[in-house]
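Enquirer: My structure is below; once you've seen it, I'll send some questions.
The values are calculated or read from the model by the stated rules, or taken from the named source; none is laboratory data. Quick caveat, the model's predicted, so the values are computed rather than measured. Using ideal geometry, Cβ is built from the backbone for each residue, glycine included, and neighbour counts are taken over all protein chains shown. Calculation scope for accessible area: heavy atoms of the full protein, side chains included, ligands and nucleic acids excluded. Shrake-Rupley method; radii C 1.70, N 1.55, O 1.52, S 1.80 Å.
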Amino acid sequence: MTKVFPSLLSADFLKLQDELHALEKAGVDGVHFDVMDGQFVPNISIGFPILEAVRRGTSLPIDVHLMIDNPEAYIDDFCEKGADKVSIHVEATPHIHRAIQKIHAHGKEAGIVLNPGTSIEAIRPIIGDVDFVLIMSVNPGFGGQAFISSSLDKIRELKILREKLGLSFRIEVDGGVNAETAQQVVEAGADWLVAGSYFFNQEQYAQAVVTLKGEASS
Ligand code: DX5
Ligand code: ZN
């Protein structure tokens, strides 16, 4: 069953509580929370105060995507301030295994993220230790970018590897996901979809959930 996680990066921050209520009503599976540090990626986004506000404002699972250098230094804080899932980039730290252990020590789900230019080989040693793998289908840093179609091969490759190893991690896809690309990534093997600009540009969030999941519209 495909899950949908709207990226709050494209939400209206002046009306965050209204947005969260609308997302709950629309039947999303959680919210995706993008953290950028201006170092690992060329943009700065949101951090602890907003995470705490979102935690107070909803009971939906919060999927924190850390696009920051040295993520292990901040994992405790993100877990304590409201994250349910935390994902870290394999490119962002030489201590990826320790970082995953840290997330698990808080009882949270741990994810590993791959940039478009990173091959699955890079996560092979730790693939048995994660709850989900996030395939970036744009270069991280900004919402509203075009889907990179070579990501589809990577999703297929990852799904095959999961079967071969008998593992059960979920495959999440983030970047340029819209009505058209959602269908392609789900066919390729994605379990979880992150959608920012497409989702929040829709008038009816409930319809966006249905469309992204590829369910028949009512
Ligand atoms: C990009 C972020 C994404 C972003 C997706 O660096 O990780 O989560 O919000 O936005 P769209 O869906 O507009 O590509
Ligand atoms: Zn993201």
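Enquirer: Cβ-Cβ distance below 7 Å, separation of 6 or more or different chains: which pairs start in region 24-37 with a residue that is of a type in the set (A, V, I, L, M, F, W, C) and end on one that is open to solvent by 40 Å² or more (accessible area, probe 1.4 Å) and in a strand (DSSP E or B)?
Expert: Met36/Ile44
Enquirer: Checking the conditions here, which among Ile135, Ile112 is buried (at least 19 other Cβ atoms within 10 Å of the Cβ), within 20 Å of Ala73 (Cα to Cα), in contact with a helix residue (DSSP H, G or I) (Cβ under 6 Å, 6 or more places away or on another chain) and of a type outside the set (Asp, Glu)?
Expert: Ile112
Enquirer: Also, quick follow-up: Take the conditions under 20 Å from Met1 (Cα atoms), free of Cβ contacts under 8 Å to residues at least 40 places away in the same chain and away from ligand 2 (no atom under 15 Å from the Cβ) and apply them to Ser168. Does it pass?
Expert: It is true that Ser168 is under 20 Å from Met1 (Cα atoms), free of Cβ contacts under 8 Å to residues at least 40 places away in the same chain and away from ligand 2 (no atom under 15 Å from the Cβ).
Enquirer: Output yes when any residue across region 69-88 is open to solvent by 20 Å² or more (accessible area, probe 1.4 Å), outside any helix (DSSP H, G or I) and aliphatic (A, V, I, L, M), and no when none is.
Expert: Checked region 69-88: no residue is open to solvent by 20 Å² or more (accessible area, probe 1.4 Å), outside any helix (DSSP H, G or I) and aliphatic (A, V, I, L, M).
Enquirer: Working only within region 34-71, note down all residues that are touching a Lys or Arg at 6+ places or on another chain (Cβ under 8 Å) and within 14 Å of ligand 1 (Cβ to nearest atom).
Expert: Scanning region 34-71 gives Ile62, Asp63, Val64.
Enquirer: Can you list the helices (runs of 4 or more DSSP H) lying wholly within region 134-218 that have 2 or more residues being within 11 Å of ligand 1 (Cβ to nearest atom) and modelled with pLDDT of 95 or more?
Expert: Those helices (runs of 4 or more DSSP H) span 179-188, 197-200.
For (1) open to solvent by 40 Å² or more (accessible area, probe 1.4 Å); (2) in a loop (DSSP other than H, G, I, E, B), each residue gets a yes or a no:
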{"site": "Leu9", "(1), (2)": "yes, no"}
{"site": "Leu14", "(1), (2)": "yes, no"}
{"site": "Glu19", "(1), (2)": "no, no"}
{"site": "Asp29", "(1), (2)": "yes, yes"}
{"site": "Asp34", "(1), (2)": "no, no"}
{"site": "Gln39", "(1), (2)": "yes, yes"}
{"site": "Ile46", "(1), (2)": "no, yes"}
{"site": "Val54", "(1), (2)": "no, no"}
{"site": "Leu60", "(1), (2)": "no, yes"}
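Enquirer: Further question: Given the condition within 16 Å of ligand 1 (Cβ to nearest atom) and under 18 Å from the mean Cα position of the chain (by Cα), answer yes or no: does some residue in region 95-105 qualify?
Expert: no
Enquirer: How many residues does region 171-209 contain that are charged (D, E, K, R) and either within 15 Å of ligand 2 (Cβ to nearest atom) or open to solvent by less than 50 Å² (accessible area, probe 1.4 Å) (or both)?
Expert: Going through region 171-209, the residues charged (D, E, K, R) turn out to be 172, 174, 180, 187, 191, 203.
Narrowing further to those that are either within 15 Å of ligand 2 (Cβ to nearest atom) or open to solvent by less than 50 Å² (accessible area, probe 1.4 Å) (or both): 172, 174, 191.
Residues that pass the stated criteria total 3.
Enquirer: For region 112-140, how many residues are within 16 Å of ligand 2 (Cβ to nearest atom), aliphatic (A, V, I, L, M) and closer than 12 Å to His89 by Cα?
Expert: So the count comes out to 7.
Enquirer: So for region 35-46 (the condition being under 24 Å from Leu14 (Cα atoms), acidic (Asp, Glu) and away from ligand 2 (no atom under 13 Å from the Cβ)), does at least one residue qualify?
Expert: yes
Enquirer: Next question. Which one of these does Ala92 not meet: (1) within 16 Å of ligand 2 (Cβ to nearest atom); (2) within 21 Å of Leu161 (Cβ to Cβ)?
Expert: (2)
Enquirer: Would it be correct to say that Val31 is within 12 Å of ligand 1 (Cβ to nearest atom), farther than 14 Å from Ser197 by Cα, in contact with a Leu (Cβ under 6 Å, 6 or more places away or on another chain) and not acidic (Asp, Glu)? Steps first, answer last, please.
Expert: Values: within 12 Å of ligand 1 (Cβ to nearest atom): yes; farther than 14 Å from Ser197 by Cα: no; in contact with a Leu (Cβ under 6 Å, 6 or more places away or on another chain): yes; not acidic (Asp, Glu): yes.
No.
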